[in-house]
Amino acid sequence: MAASDGGGEGQGRQFDVIVVGAGIMGSCAAYAASCRGARVLLLEQFDLLHHRGSSHGESRTIRATYPQPHYLPMVRLSRRLWDDAQADAGYRVLTPTPHLDLGPRDDPALLASIRNGGAAEVGVDAGERERGDHQEPPSWARVFRVPDGWTAAASELGGVMKATKAVAMFQALAIKKGAVVRDKTEVVDVAKPGEGSILVRTASGEEFQGTKCIVTVGAWTRKLIKSVTGIELPVQPVHTLICYWKVKPGHEQELTPEAGFPTFASYGDPYIYGTPSMEFPGLIKIALHSGPPCDPDSRDWSTGVADLAEPVGRWIDAVMPGHVDTAGGPVIRQCCMYSMTPDEDFVIDFLGGEFGKDVVVGAGFSGHGFKMGPAVGRILAEMAMDGEATTAAEAGVDLHPLRIGRREVLEPVALGATHSVILDEEVTLCERSSFKGLADLSRTCCYKALPHNLLYGYAVTLTRIPLDV
């Protein structure tokens, strides 16, 4: 097995693709590139399958109900690629289940998710069933008590992935296809010494030569990209808590995948999600989709234990009464991280600037990316190797909302200085009130924008000019 042994495996060799970061996205990208015969090097700064990032743990969910329509084709593509990888591996990491979305009937995100995902409303309380307001509900519907003013909708495309097992599967498949995998290898710099050449340097002084590079370092994206380019992408690590609660006696079988119990998401405040009881017999995973900002290199592993568990307990008592025991809190607590963008959309794009299309970034998966791993990995590999994502285009996946240069990824700009900022269009002059994000500044000055291709799309230098000039 071509994994790290502390030696110099791969050093001095020329690779077609170097993937930095061996979580789910990097492992899927390494597999996708290896399947095409590329010489691939996959680098991980910690031990393989470590618990310090966002790809570890017992489970993740897959669903097709998204408020943003651009994710539905990606979910469908990813679901097909999960099956392909499982067939290649000879074992399964994904258990299909139904999926249930519920929440306030006037919640725009919930209504858009139901519409985009083709979910069907179901009557999950006794009153609706007696009135015949909706189609005959599934047997598991009696578990949920939907509050007044709420609605619920079920869809068939759901499921649970065994997270750590899935990452290990893609790494093993990549190695099977010839990839070299190195752990305990922290990348500190990516450079372009010449056309068609990428140099990756590590904290230990090793150097690896590649033709292309894919960066998938999760919560460390902001730090690495700033070190490499000077640009600070607003990808904010967030500390989260996974909670497993005890199922009340007599209901253990009722809440399992074998009984058809769904994955579920409850919209509104708080946003709660859960999976069937499967990882630990007699326990069920129900957690809060939120958490405080954190530094991935100096986390307080006890942060937010009460704040992140107590809202979940209250939700369980209100929506799943009589089935899950909340006395004493969750039985098992597991820490994780999200890598959040301001709009919670992914970043999948070329780094651009001096790197052009030779470096591709996959980041900011905002707590909902794991399910998309096989699709994202295929897209990143094709972008690196071909300069475009053919599979995404054929599947109807729109990558435009996921560009580095979208306006939602702009960093705040301080007054009175020269700054670099990422844009998605060329700007020659920013008149007062014309530049999104600088309206508060333009009362006192305007900004001359000088295009220079610093990142993919356009970047500009904004220089303060007094209004009387």
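The values are calculated or read from the model by the stated rules, or taken from the named source; none is laboratory data. The model shown is predicted, which means the values in this text are computed figures rather than measured ones. Glycine also receives a Cβ, built like all others from the backbone with ideal geometry; neighbour counts cover every protein chain displayed.
Points worth noting:
- Residue identified as among the aliphatic types (A, V, I, L, M), on the phi < 0 side of the Ramachandran plot and in contact (Cβ under 8 Å) with a residue 60 or more places away in the chain among 309, 327, 287: 309
- Within region 217-234, tally of residues that are in contact with a helix residue (DSSP H, G or I) (Cβ under 8 Å, 6 or more places away or on another chain) and more than 14 Å from residue 340 (Cα to Cα): 2
- No other residue among 343, 297 is surrounded by fewer than 20 Cβ atoms within 10 Å (Cβ to Cβ) and within 14 Å of the chain's Cα centre (by Cα) apart from 343.
- If the condition is being closer than 13 Å to residue 312 by Cα and of a type in the set (A, V, I, L, M), then region 241-287 contributes 241, 242, 265, 272, 284, 286, 287.
- Residues of region 257-290 classified as crowded, with 20+ Cβ neighbours inside 10 Å, farther than 19 Å from residue 333 by Cβ and more than 23 Å from the chain's Cα centre (by Cα), total: 1
- The one condition in (1) out of contact with any strand residue (DSSP E or B) (no Cβ under 6 Å at 6 or more places or on another chain); (2) without any contact (Cβ under 8 Å) to a residue 24 or more places away in the chain that residue 201 fails to fulfil: (1)
- Of the strands (runs of 3 or more DSSP E) contained entirely in region 138-244, those carrying at least 3 residues that are in contact with a Phe, Trp or Tyr (Cβ under 9 Å, 6 or more places away or on another chain) and of a type in the set (Val, Ile, Thr) fall at 197-202.
- Candidates 364, 387, 416, 356, filtered to the one that is at pLDDT 95 or above, over 26 Å from residue 170 (Cβ atoms) and not acidic (Asp, Glu): 356
- Residue, surrounded by the fewest Cβ atoms within 10 Å (Cβ to Cβ), within region 351-405, restricted to residues that are among the basic types (Lys, Arg) and in a helix (DSSP H, G or I): 371
- Scanning region 113-125 for residues that are surrounded by fewer than 16 Cβ atoms within 10 Å (Cβ to Cβ) and in contact (Cβ under 8 Å) with a residue 12 or more places away in the chain returns 118, 120.
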